[in-house]
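*Asks:* Please see the structure below; I have some questions.
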Amino acid sequence: MTAIWLRWTPAVAVPAVIAAGVLAGSLPASARDPLPEKTPAQVLAMIGQHQTKSFSGTVEQSSELGLPDVPQVGPTSGAGTGSLAELLTGPHTARVYVDGPSKARIQVMDRMAERDAVRQGNELWLYNSKDNTATHVTLPANASKESRSHDMPAGVATPEELATKMLDKLDGSTEVSVAETTEVAGRTAYNLVLTPRSDVTLVGSVAVAVDGENGMPLSVEVRARGQQEPAFRTAFSTLTLGAPDASLFNFSPPPGASVKELAVPAKPSGTKDLADRNRTHRNHADKDLGSKDPADKHSAHKDLRGHAPTVTGSGWERIIGIPAPSSSAPSASPESGKQPVDRLLNDPLLRQATVTVEGGRAISTSLVNVLLADDGRTFVGSVPLERLQAAAAAR
C-alpha cells in the first residue's frame, strides 16, 4: 500500500465513503440498546485491543472535495490502481473479504469493470478487468507478520486502515471526545471525534465509528472546516463477522490476460542494517569525491539527503515537501526537454485538475491543497495554499 500512496502523493493526499445497511445475522444480540458510557481513552483502547480477524462486507467510499468533474481520458493506470481523477471524485464501492493476517480479497466495482486485489499467504494478485491485466507480487517472507490483510493497494481505503493512519498520529494538537452513539451497517457504535486545536488547518473534524461490541472501526468521516456534510467518508454498508468461503482467496488470471511479475525486496531486519547502508552511502560519496575540498563533500552529502521528503510545521499544520524527480532517473530521460513540473503532469486528468498559481500549479480541495512547484517539487498539506507557497519559497 505504501508504494501506491507514495506514487500518487501529489493528488491522493486525502481519499473516502459509505452508506448504511443491515445484514441479517450481523446484528449484535441487542443492537439498538444504548451502549455503556466510555471515555475517549476507553474507546481508543477498544480500537487498539480489538481482535476481529475474519469478516466480509461492503465498503463504500465517497468524496466531496470541491474538485471539478473531470471526464475520463485514456485507460486507467493499471492493475490495482484506478485513474487518479477517479480516486479523487465520485463514489466507490468495494467488497471486502478477510480471514486472518494473510488472506484477503478486495473487489472494487468500477463502471463496467472491476479491480481485484487478492492475497493468500505471500502471494498477491492485482487484476483489472477493464484491460484484462494482472500483476503477481511475491511478498517478503515476513510480510504476514508486519502487515494486515485488509491494508491492500486496491484504491479504496477501509475504515480501519484510515482510522489507524489518523489515530497513530494523535498528539496534543487534537481534542478527542465521544459524541452521541451512532449506527453503521446495523451495528451500534461509539462515535469518536477528533477536533484539531488549530485555526489554520482545513480539517474541521474527524469522526470514527467504533463497533460497541468488538472495537472494530466501522466508518471514518472527515469534515472540512465550516462544513456540516462530510468531505470524505469511508464506511461499511454491510458487515458479516466470521470467516468467508476459503475459495474466495484463490485467484488465477482469466484466459488471455496480460500478466506481469513483480518481486518486493524484504525490509531491513533492524536499524543496524539501515545505519550500515547509510554509512556505505557516505563512504561511496567520499571515495567518489577523492581529494576534493570539504565543501564539495558537504554538498554531496546534502544531495544524498535531498531526495528524502521534508516536513514543515507539526500536527494538523504539517506540510510535506517531496523533492523533484531526478533528471537522471531512467523514467525521466525521454522527457529531459520538459520542465520539471510538466513531468509531474503526464496524467491528463491530473493536468486538468490543476490551476496555475504563483510558483507553479495547484490542486485545491476542501481538505487538502497540493502545490506542484515550477522546479518539480511537490508540497502537500491540509493548510491554505499560501502556506504551501511560503514553504516552497523558503527552500
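The values are calculated or read from the model by the stated rules, or taken from the named source; none is laboratory data. Please read these numbers as outputs of a predicted model, since none were measured by experiment. Neighbour counts run over all protein chains shown; Cβ positions are idealised from the backbone, glycine included. These accessible areas exclude ligands, DNA and RNA; they are computed on the full protein's heavy atoms, side chains included. Shrake-Rupley method; radii C 1.70, N 1.55, O 1.52, S 1.80 Å.
*Asks:* With out of contact with any helix residue (DSSP H, G or I) (no Cβ under 6 Å at 6 or more places or on another chain), of a type in the set (A, V, I, L, M) and either at pLDDT 70 or above or buried (at least 21 other Cβ atoms within 10 Å of the Cβ) (or both) as the only criterion, which of VAL368, VAL341 stands out?
*Replies:* Selected residue: VAL368, the only one of VAL368, VAL341 that is out of contact with any helix residue (DSSP H, G or I) (no Cβ under 6 Å at 6 or more places or on another chain), of a type in the set (A, V, I, L, M) and either at pLDDT 70 or above or buried (at least 21 other Cβ atoms within 10 Å of the Cβ) (or both).
*Asks:* Show me the strands (runs of 3 or more DSSP E) entirely contained within region 161-274 in which 2 or more residues are surrounded by 17 or more Cβ atoms within 10 Å (Cβ to Cβ) and small (Gly, Ala, Ser). It would help to see each step written out before you state the result.
*Replies:* On the way: elements: 174-184, 187-196, 203-211, 217-224, 232-241, 258-263.
In region 161-274, 203-211, 217-224, 232-241 are the strands (runs of 3 or more DSSP E) which contain 2 or more residues that are surrounded by 17 or more Cβ atoms within 10 Å (Cβ to Cβ) and small (Gly, Ala, Ser).
*Asks:* So the check is Cβ under 9 Å with 6+ separation or different chains; which pairs have a first residue in region 195-211 that's farther than 19 Å from LEU385 by Cα and free of Cβ contacts under 8 Å to residues at least 24 places away in the same chain and a second one that's open to solvent by 20 Å² or more (accessible area, probe 1.4 Å) and not β-branched (Val, Ile, Thr)?
*Replies:* THR195/GLU175; THR195/SER177; THR195/GLY204; THR195/SER205; SER205/GLU221; SER205/ARG223; SER205/ARG225
*Asks:* If a residue counts only when it is closer than 26 Å to THR182 by Cβ and either open to solvent by less than 20 Å² (accessible area, probe 1.4 Å) or at pLDDT 95 or above (or both), which helices (runs of 4 or more DSSP H) contained entirely in region 40-153 have at least 3 such residues? Don't jump to the end; show me each part of the working.
*Replies:* Values: elements: 40-49, 84-88, 143-146.
Ranges flagged: 40-49.
*Asks:* If you take the residues of region 164-222 that are among the acidic types (Asp, Glu) and over 24 Å from THR240 (Cβ atoms), which of them is farthest from the chain's Cα centre (by Cα)?
*Replies:* Only one residue tops the list, namely GLU180.
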